[in-house]
Amino acid sequence: MSLNLSYASLKSLRAALDSKQVSSVELAEHFLARAEDALSLNAFLHIDRGLTLSQARAADARIAKGEAGALTGIPMAHKDIFVTRSWRSTAGSKMLADYVSPFDATVVEKLNHGAGMVCLGKLNCDEFAMGSSNENSAFGAVKNPWDTSRIPGGSSGGSAAAVAAGLTPAATGTDTGGSLRQPAAMCGISAIKPTYGRVSRYGMIAFASSLDQGGPMARGAEDCALLLDAMAGFDERDSTSLNNKQAATPILARFSEAYASNASTGAPLQGVRIGVPQEFFGEGLSADVRAAVEAAIGEFEKLGATRVEISLPRTRLSIPAYYVIAPAEASSNLSRFDGVRYGHRAKEYRDLKDMIERSRAEGFGAEPKRRILTGAWVLSHGYYDAYYLQAQRVRRLIAQDFQEAFKSCDFIMGPVAPTTAWKIGEKNNDPVAMYLEDIFTLGVSLAGLPGMSVPCGFGADKMPVGLQIIGNYFDEGRMLAAAHQYQQVTDWHARTPEAFR
Amino acid sequence: MSAKKGIPTGWEVVIGLETHTQLSTASKIFSGSSIAFGAEPNTQASAIDLALPGTLPVLNKAAVECAIKFGLAVNGGDDRHIAPRSVFARKNYFYPDLPKGYQISQFELPVVTGGSVTINVDGVEKVIRLTRAHLEEDAGKSVHGYVAEGYVEDGYAEEPAHGQSGIDLNRAGVPLLEIVSEPDMRSAEEAVAYAKALHGIVTWIGICDGNMQEGSFRCDANVSVRKFGDEKLGTRAEIKNVNSFRFLEKAINYEIRRQIELIEDGGKVVQETRLYDAERDETRSMRSKEDAMDYRYFPDPDLLPVEISRDWVEEVCAAMPELPETAAARLVAEDGITIVEARLITQSQAFVRYYENLREYSGSAKRSARWMLGEISAFLNREQLEIDDPEVPSESVVGTIIASEAAQEISKTVAREQFQALCDKTEADIQALTKIIEKHELRQAWIRYIESKGLKQVSNAGAIEKMIDDVIAANPKSVEEYKAGKEKALNALFGQVMKASNKTANPAQVTEILKRKLAS
């Protein structure tokens, strides 16, 4: 049987590598060629064949010595928010257009140096991960492989588009308010944002420190489980990285054990309670998305799960709370880009102050500027209590709502986004309309909970729809296992855009 | 009202101090870089100190322990002033030598709240209350007028006439403990006494090397004046850039004069930050309150709140040295010295160590105390040395001299001279002696030595009488003058006897016998 390398699962690529059907160098060549053929998607920002092939050769050597792990030799690519020693690290910004980091992010170390995956290059994203459409990249918008006139979602739009178009079997992304889940939904792939603190933020260019969390993007839930297992773990370089017993339990072990005992019954999810929050199905949710999500929940019921109606009463408040906290942190995190030590520096200036001002004015795009201004405002003297502290209070209440809900269910399910991918340019003049698109993903981020997106159908416009699965803290293994059961009986995750087959 | 030095009658001065002490940790507060002073620019700046994209701070626990130690020291060991949960906050502002565009400091929940320091001015004790002490990181240094030799990179300001500015980030991230006092001081003298007392505490407990020249201990003074009896505080000015106790006193006194003159001339003091210029001995306005920045403080999301368990505090407490107050009280009780002597001896741990060793070698606490505050302190002041300097004669030798003096083997004068000789290290045999004595043959060696040099004190009355008779016979003029009522003549005769005895005659005996003989 000949394997379709472009869309193969990580497990089948492993088998192909182990059985010498294909070498890591051949896999790398295959995907590099596809990436170079698909430059019009604008998914990749930086490809360096030499670097990639040297990693592939090293992986082949490991495989030959019998020292390969589950992911050794399999290609992947990084969202350009993770710093890499060899490839440029731009965060999608003119500010860092030529920046090369002297060190690798922890995630890069773990996946490439540790697990032996082969990096194909760096993937486009919204500038400093700020955006829901990937139109905010200083290096141009990314196109959705299902319809190149549409956005791929954001901010991990390059990652989602690259996986969806078969330019890479896997990619990393980051999620601050939905940036892994929403582009995954819009490009018809799977992704998981883990519990805050699972994946080290060291080497992730910061947007909003208390929300930022890295995670994997791939075709299926099983691929995500393999990837997350390799990415996660305590890192002494990140003080917010989790170092407790629950965090120490391997994700893959939980994934494999979760529903093993019921596997043969035909109802593997027997006893699993799925909470369906009424607030996720109200006004603003488009009918085709609702239908696809309802159908998916129906499939889970067929697998033995029971449906429970729940309420997350402060869902609406997650938008103002998020758009106070995230910009507040961003305004401070982005202060280091001043043109003094690295990054863009204005050509002409009068004095030091002028140099900083001009460098920032020239280096940042409209969205970071908007958020820096908002953030500086909500932190300023006299407004701090009314905005920042109030938002933190709301944040705690939102987290409590989730804990209340988890008393009656194991997972919460609903849509990832109210609509499918819109047309490039459609919402450019209305940032608030764009912010409202994040309503179903922000609460999870504010609460620090794990959330994932799995493909569950198509809208009226033939664009993919994603189902959001929200679990309680540290429950990634079970979430991924439940999603995997769903993907055993459905094939939405296996669908591919015609133009890239 | 009490008159204070340098303050015109009718005025009261109110001073509070903010002191930045550089903590003696091995590495920076949020990175592993060394904090050693004087390295080549930017050789002690890691990716974290440079605030490269993707870097994160990790708290150095040793810095927290320094703060805990300080909190215990200024609260008599009471742990209630050490926050069980302390939070780091970001202080946001732009400056080229501030790499992250914010300083990690503490705002709402500092490690230490409250405490006090006792000062002594002209024999009067006063308690200065502390508001708080919080941890923070230092910024880097801008070096202006710097020109990179032989090369100008694209993008630098094209104004070679004005030179360039360089940034040295070695200091960025160095741990500081900022200690804020209440506005309890009423004169420059009190402020200096407070600063010195604080300096004594932080060096005593070993959290700061106290080196003011290298900026390890820096004071900012908040100074205001008001008419005596006024309830309301006057508008204050903050004086920065004071790097010695002497300059602190001068800067505050200058500021007091400036403010009083300003008000007396019908003007108003404006709230501002002023820089002290030591060369001109004046303070100059740096920025007024109108340009005051909004620092937009908020809890740093990269750092979890620091949980300080009571177990941890106890552990730190157990490892702490005896505090100066406790040590002073102990010395008064054990040694019967005065509290004033005890306070002076407890000026530093090294001083106490020296004293305690001296006490052991000399066998006399009171004499040791007197020597510490007399001969030894004078020597240290004269030579500008610290007590633990290797040039200071060892306790064993000095203690032996004191013991010899106590046993009346040598006179006080000889004892002093021998100490001086030790300090000068001019005589080769003194050095040889030091070696012998340090081989623990101590007293025997010493006695052999003074005997061989003819330094041993003569208390034999017959021998002294003989010397006196000779002197009386040889100095009839002085004897006549004395008998005629000129008391001073006795001193001349006394001096002659001492000279004849090579300073070994017991001076008390000489005086007594001399008087007796002359009266007859």
State the number of residues belonging to segment A:76-93 that are in contact with a strand residue (DSSP E or B) (Cβ under 9 Å, 6 or more places away or on another chain), at pLDDT 95 or above and more than 8 Å from every other protein chain (Cβ to nearest Cβ). 11
Can you say whether A:ALA346 is within 14 Å of chain B (Cβ to nearest Cβ), touching a Gly at 6+ places or on another chain (Cβ under 9 Å) and at pLDDT 95 or above, as far as the supplied structure shows? yes
When the residues of segment A:458-497 are narrowed to those that are outside any helix (DSSP H, G or I) and acidic (Asp, Glu), which ends up nearest to A:PHE406 (Cα to Cα)? A:ASP475
When segment A:270-288 is checked residue by residue, the ones that are within 10 Å of A:ILE310 (Cβ to Cβ), touching a Lys or Arg at 6+ places or on another chain (Cβ under 9 Å) and not basic (Lys, Arg) are A:ILE274, A:GLY275, A:VAL276, A:GLU279
Considering only segment A:45-63, I want to know if a residue exists there that is assigned to a loop (DSSP other than H, G, I, E, B) and among the small types (Gly, Ala, Ser). no
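Here's the yes/no breakdown for (1) surrounded by fewer than 18 Cβ atoms within 10 Å (Cβ to Cβ); (2) not in a loop (DSSP other than H, G, I, E, B):
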{"site": "B:ILE7", "(1), (2)": "no, no"}
{"site": "B:VAL13", "(1), (2)": "no, yes"}
{"site": "B:GLY38", "(1), (2)": "yes, no"}
{"site": "B:ALA47", "(1), (2)": "yes, no"}
{"site": "B:THR55", "(1), (2)": "no, no"}
{"site": "B:GLY77", "(1), (2)": "yes, no"}
For segment B:73-90, indicate whether the set of residues that are modelled with pLDDT under 95, away from chain A (no Cβ under 14 Å) and in contact with a Cys (Cβ under 8 Å, 6 or more places away or on another chain) is non-empty. yes
Would segment A:298-310 turn up any residue that is part of a loop (DSSP other than H, G, I, E, B), polar (S, T, N, Q) and either within 28 Å of A:PHE458 (Cβ to Cβ) or away from every other protein chain (no Cβ under 14 Å) (or both)? no
Just one of A:TYR486, A:TYR435 is within 20 Å of the chain's Cα centre (by Cα) and of a type in the set (Phe, Trp, Tyr); which is it? A:TYR435
What number of residues in segment A:213-237 are touching a helix residue (DSSP H, G or I) at 6+ places or on another chain (Cβ under 7 Å) and within 14 Å of another protein chain (Cβ to nearest Cβ)? 4
Where the second residue is among the basic types (Lys, Arg) and the first is surrounded by fewer than 18 Cβ atoms within 10 Å (Cβ to Cβ) and lies in segment B:303-314, which pairs have Cβ atoms under 8 Å and are six or more apart or on separate chains? B:PRO305/B:ARG85; B:GLU307/B:ARG85
Does B:VAL510 satisfy being touching a residue at least 40 places away in the same chain (Cβ under 8 Å), crowded, with 18+ Cβ neighbours inside 10 Å, in a helix (DSSP H, G or I) and not small (Gly, Ala, Ser)? yes
Selected residue [among the charged types (D, E, K, R), in contact (Cβ under 8 Å) with a residue 60 or more places away in the chain and under 17 Å from B:PRO301 (Cβ atoms)] from A:GLU362, A:GLU367, A:GLU329: A:GLU329
Sole residue being closer than 27 Å to B:GLY32 by Cα, among the small types (Gly, Ala, Ser) and over 18 Å from the mean Cα position of the chain (by Cα), chosen from B:GLY173, B:GLY229: B:GLY173
Mind checking whether some residue in segment B:92-112 is surrounded by 23 or more Cβ atoms within 10 Å (Cβ to Cβ), of a type outside the set (Ser, Thr, Tyr), under 22 Å from A:ARG341 (Cα atoms) and touching a strand residue (DSSP E or B) at 6+ places or on another chain (Cβ under 7 Å)? yes
Take segment A:349-388 and flag every residue that is at the interface with chain B (Cβ under 9 Å from one of its Cβ atoms), under 26 Å from B:LEU50 (Cβ atoms) and assigned to a loop (DSSP other than H, G, I, E, B). A:TYR349, A:ARG350, A:ASP351
What are the residues in segment A:94-121 that are at the interface with chain B (Cβ under 10 Å from one of its Cβ atoms) and assigned to a loop (DSSP other than H, G, I, E, B), if any? A:TYR99, A:SER101, A:PRO102, A:PHE103, A:ASP104, A:ALA105
In segment B:93-119, which residues are in a loop (DSSP other than H, G, I, E, B) and away from chain A (no Cβ under 14 Å)? B:GLN106, B:LEU109, B:PRO110, B:VAL111, B:GLY114, B:GLY115
From the set of residues in segment A:331-343 that are facing chain B (nearest Cβ under 7 Å) and touching a Pro at 6+ places or on another chain (Cβ under 7 Å), which is modelled with the highest pLDDT? A:ARG336
Looking at (1) surrounded by 16 or more Cβ atoms within 10 Å (Cβ to Cβ); (2) more than 10 Å from chain B (Cβ to nearest Cβ); (3) within 30 Å of A:ALA97 (Cα to Cα); (4) among the small types (Gly, Ala, Ser), which one does A:ALA391 not meet, given that it meets all the others? (3)
Among A:ALA328, A:ALA321, which is facing chain B (nearest Cβ under 8 Å), buried (at least 18 other Cβ atoms within 10 Å of the Cβ) and modelled with pLDDT of 95 or more? A:ALA328
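The values are calculated or read from the model by the stated rules, or taken from the named source; none is laboratory data. It should be emphasised that the depicted structure is a prediction, and the values quoted were computed from it without experimental measurement. We place every Cβ from the backbone using ideal geometry, glycine too, and count neighbours over all the protein chains shown.
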